[in-house]
Amino acid sequence: MKEKRGLTYEDAGVSIDTMDAALDDIKGMIKSTYRPEVVSSIGQFGGLFALDKDKYDQPVLVSSNDSVGTKLKLAFMTGRHNTVGFDIVAHCANDILVLGAEPLFFLDYLGTGKLERHVMVQLMEGLSAGCKETGCALIGGETAELPSFYQPGEYDLVGTIIGIVERQKILTGDTIRPGDRVIGLASVGLHTNGYSLARKIVFEVCGYGAEERIDELGMTIADELLKPHKSYVKPILKLIEKYNAEEPKIKGLAHITGGGLRDNIPRILPENCSAVIEKGSWDMLPVFPFLQEKGGVAEDEMYRVFNMGIGMAVVVSAECADQIAGDLKSLGETVYSIGEIAEGDKTVVWGG
């Protein structure tokens, strides 16, 4: 009688062999992100990072955690997974940058119903590129294969970042005063926010296909909506070092994510201040009027959901505003003077 074969983990939908093969594919990418402080190796139960305490007087660790959100739906539709990894690193790095923090290391979580080796490789390409762009090391993470938990071909991608800042150099916005200027750094597109509305407009209202070329955009829907989230880490950290060595001239930073300019700038304002933002003071990326027109979206809703072309707002002392803007331009940023701080009640007031 033929002996009956017992069930295996793979019979239940989890392939350890696929996981091991994928890890072999990505080891080089992960190691390419390492900083000198990394003292662990791939495969250990935890990532080890030896902080150089001699570099700091009163070091404060700064952390943030986020997901890519429904932008992942574009990756599923197109089979293009090599940008969303960059997105999550850049998003998290910008979030701790606003406190003046330098990114140190990053951890990722990938949950999927069935692990696809080529998808994991593409995701790690993006994660590694994002870590190298922001200067942090990819020292650990978790890949969970959860059969029947996710829809076929779908996954979730979440990231956690740890950074560091000197206690006396933390940017809180407390020194912001009326008369300070607001500089806007251009975004490259939607970044990672507003995708539920954007997808509804282009796919449900307009009936476009992901690979359909749109004249107003000068590219396909997929090319536009998969543009990676821009990182502002390197230029901003350089200028913080230059201008905040003594009395801070860069007083506050706001990462323009969900909630747009209207909801994010007030997060850094003192109780007696408002930000007067001049609409029309920056070049609007074509994707925003395109979405507004095709979806019949009210202007106020557009400014509440999308970044509208400004990815980072920088509040600076008026006497240094032009010099700081010039330095940012020399570092490759597209820079706009978008407003000023006035007396108020922690709100954004629209001008223009």
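For this structure, a couple of remarks:
- Test for residue 288: is it farther than 18 Å from residue 97 by Cβ, among the aromatic types (Phe, Trp, Tyr), open to solvent by 40 Å² or more (accessible area, probe 1.4 Å) and out of contact with any strand residue (DSSP E or B) (no Cβ under 8 Å at 6 or more places or on another chain): no
- Hits in the stretch 36-66 (condition: of a type outside the set (Asp, Glu), assigned to a strand (DSSP E or B) and either free of Cβ contacts under 8 Å to residues at least 60 places away in the same chain or under 30 Å from residue 24 (Cβ atoms) (or both)): 38, 49, 65
- Residue satisfying all of: in the stretch 298-314; of a type in the set (A, V, I, L, M) and open to solvent by less than 10 Å² (accessible area, probe 1.4 Å); farthest from residue 243 (Cα to Cα) among these: 302
- You will find that of 276, 202, 233, the residue that is over 29 Å from residue 300 (Cβ atoms) and of a type in the set (A, V, I, L, M) is 233 and no other.
Matching residues to (1) touching a residue at least 12 places away in the same chain (Cβ under 8 Å); (2) more than 30 Å from residue 142 (Cα to Cα); (3) surrounded by fewer than 23 Cβ atoms within 10 Å (Cβ to Cβ):
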site	(1), (2), (3)
154	yes, no, yes
164	yes, no, yes
168	yes, yes, yes
178	yes, yes, yes
185	yes, yes, no
191	yes, no, no
194	yes, no, no
201	yes, yes, yes
204	no, yes, yes
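- Checked against the criterion of being surrounded by fewer than 19 Cβ atoms within 10 Å (Cβ to Cβ) and either of a type in the set (D, E, K, R) or touching a residue at least 12 places away in the same chain (Cβ under 8 Å) (or both), the candidates 230, 238 yield just one match: 238.
- Within the stretch 315-337, the set of residues being of a type outside the set (Ser, Thr, Tyr) and closer than 13 Å to residue 242 by Cβ comprises 316, 320, 323, 324, 326, 327, 328, 331.
- Sub-6 Å Cβ pairs linking a first residue in the stretch 285-312 that is within 16 Å of residue 185 (Cα to Cα) to a second residue that is outside any helix (DSSP H, G or I) and of a type in the set (S, T, N, Q), at least 6 apart or interchain, are 307/187; 309/187; 311/187, ordered by first then second residue.
- Strands (runs of 3 or more DSSP E) enclosed by the stretch 126-195 - at least 1 residues per element that are hydroxyl-bearing (Ser, Thr, Tyr) and within 18 Å of residue 68 (Cβ to Cβ): 137-145, 155-166
- Criterion (on the phi < 0 side of the Ramachandran plot and under 13 Å from the mean Cα position of the chain (by Cα)) met by exactly one of 189, 85, 163: 85
- Those residues of the stretch 67-122 which are among the polar types (S, T, N, Q) and either under 18 Å from residue 34 (Cα atoms) or in contact with a Leu (Cβ under 6 Å, 6 or more places away or on another chain) (or both), in sequence order: 83
- For the stretch 234-259, taking the residues that are touching a strand residue (DSSP E or B) at 6+ places or on another chain (Cβ under 7 Å) and of a type outside the set (A, V, I, L, M, F, W, C), the one that is farthest from residue 183 (Cα to Cα) is identified as 244.
- Residue check, residue 295 farther than 29 Å from residue 102 by Cα and open to solvent by 10 Å² or more (accessible area, probe 1.4 Å): yes
- Considering the stretch 326-346, and only residues there that are charged (D, E, K, R) and assigned to a loop (DSSP other than H, G, I, E, B), the residue that is most open to solvent (accessible area, probe 1.4 Å) turns out to be 345.
- Hey, residue 11 at pLDDT below 70, in a helix (DSSP H, G or I), within 27 Å of residue 111 (Cα to Cα) and open to solvent by 50 Å² or more (accessible area, probe 1.4 Å) or not: yes
- Qualifying positions in the stretch 67-81 - of a type outside the set (Phe, Trp, Tyr) and either surrounded by fewer than 19 Cβ atoms within 10 Å (Cβ to Cβ) or without any contact (Cβ under 8 Å) to a residue 40 or more places away in the chain (or both): 67, 70, 73, 77, 78, 79, 80
- Checking residue 16 against (1) closer than 21 Å to residue 115 by Cβ; (2) open to solvent by less than 60 Å² (accessible area, probe 1.4 Å); (3) β-branched (Val, Ile, Thr), the condition it does not meet: (2)
- Scanning the stretch 315-325 for residues that are open to solvent by 10 Å² or more (accessible area, probe 1.4 Å) and not aliphatic (A, V, I, L, M) yields 319, 320, 322, 323.
The values are calculated or read from the model by the stated rules, or taken from the named source; none is laboratory data. Everything quoted here is computed from the prediction, not taken from an experiment. So basically every Cβ, Gly included, is an ideal-geometry build from the backbone, and we count neighbours across all protein chains shown. Only protein heavy atoms, including side chains, enter the accessible area calculation; ligands, DNA and RNA are left aside. Shrake-Rupley method; radii C 1.70, N 1.55, O 1.52, S 1.80 Å.
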